[in-house]
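Taking it in order: structure first as structure tokens, then the write-up.
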Amino acid sequence: MREMLRGLEVFPAELPAFDVRSAPGDPVTLFLTWLAEAVRDKVLGPHAMTLATADAAGRVSSRVLICKDVDAEGRWYFASDAESVKGRDLAANPCAAASFYWPQQGRQIRISGLAASAGTEASAADFLARPPASRAAALVGRQSEPVDDPADLDAAFRQSQAAVDADPGLIAPGWTLYALSADAVEFWQADHQRRHIRLKYQRAADSWTTRRLWP
């Protein structure tokens, strides 16, 4: 296994350039530039990010989900049921970290800060923007609970779909749009010689400072 893993290719033959001297003064502008380049290069799921949370005892869990939005204030948005594992984690411990990884470009972006609800109105708007089948799935709830009988799952989905069909404005009571307010954002560009280029933005009051990091 060790030899097999060591023999796997990690980066493509050609990697994009990253001149930290020309980086913008805020991480959001650079994030949007890199995201646009990932979309241009047809990276699959460039808006997918790994979110790590921890409960009150410090037990960490992570999962991949969809980034819903990014704003000029340095907030990355995602949504979930407040009673999910990540929702319960954030209620007990708002510290969170997110990362994007685009292997076709040898790029990753790391974000850390505090996550909080974006508010009832924003959460409702996010829920209603989901396709009907996705709204029905969210209404089922019970995320991460054991499934004893697949028939129960099928019945729950049919019941939720019927509820959505009957009332398109129905909103899952625990649905929450979260905003991860970044304290730090790091941009990482791979290098074939392992001289990876790392640029870290750190929030400083109403502005950002930048610092290049050792690989």
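The values are calculated or read from the model by the stated rules, or taken from the named source; none is laboratory data. All figures in this text were calculated on a predicted structure; none of them were measured in a lab. All Cβ positions, even for glycine, are placed from backbone atoms using ideal geometry, and neighbour counts span all protein chains on display. Quick note on the areas: whole protein, heavy atoms, side chains included, nothing else; ligands and nucleic acids left out. Shrake-Rupley method; radii C 1.70, N 1.55, O 1.52, S 1.80 Å.
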Given (1) part of a helix (DSSP H, G or I); (2) open to solvent by 20 Å² or more (accessible area, probe 1.4 Å), index of the condition GLU145 fails: (1)
Given (1) of a type in the set (Gly, Ala, Ser); (2) over 20 Å from SER84 (Cα atoms); (3) without any contact (Cβ under 8 Å) to a residue 24 or more places away in the chain, index of the condition ALA184 fails: (3)
Test: residue in region 119-140 that is outside any helix (DSSP H, G or I) and surrounded by 18 or more Cβ atoms within 10 Å (Cβ to Cβ): no
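Among the residues of region 157-193, count how many are charged (D, E, K, R) and at pLDDT 95 or above.
3
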Residue tally, condition open to solvent by 10 Å² or more (accessible area, probe 1.4 Å), assigned to a loop (DSSP other than H, G, I, E, B) and over 24 Å from ARG198 (Cβ atoms), over region 78-118: 5
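Against the definition (assigned to a loop (DSSP other than H, G, I, E, B), within 18 Å of THR33 (Cα to Cα), open to solvent by 30 Å² or more (accessible area, probe 1.4 Å) and among the acidic types (Asp, Glu)), how does GLU73 come out, yes or no? Give the derivation first.
Values: assigned to a loop (DSSP other than H, G, I, E, B): yes; within 18 Å of THR33 (Cα to Cα): yes; open to solvent by 30 Å² or more (accessible area, probe 1.4 Å): yes; among the acidic types (Asp, Glu): yes.
It is true that GLU73 is assigned to a loop (DSSP other than H, G, I, E, B), within 18 Å of THR33 (Cα to Cα), open to solvent by 30 Å² or more (accessible area, probe 1.4 Å) and among the acidic types (Asp, Glu).
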Positions within region 40-58 being outside any strand (DSSP E or B), at negative phi, surrounded by fewer than 15 Cβ atoms within 10 Å (Cβ to Cβ) and within 15 Å of the chain's Cα centre (by Cα), in sequence order: LEU44
Some residue of region 25-36 being surrounded by fewer than 19 Cβ atoms within 10 Å (Cβ to Cβ), at pLDDT 95 or above and within 17 Å of LEU177 (Cβ to Cβ): no
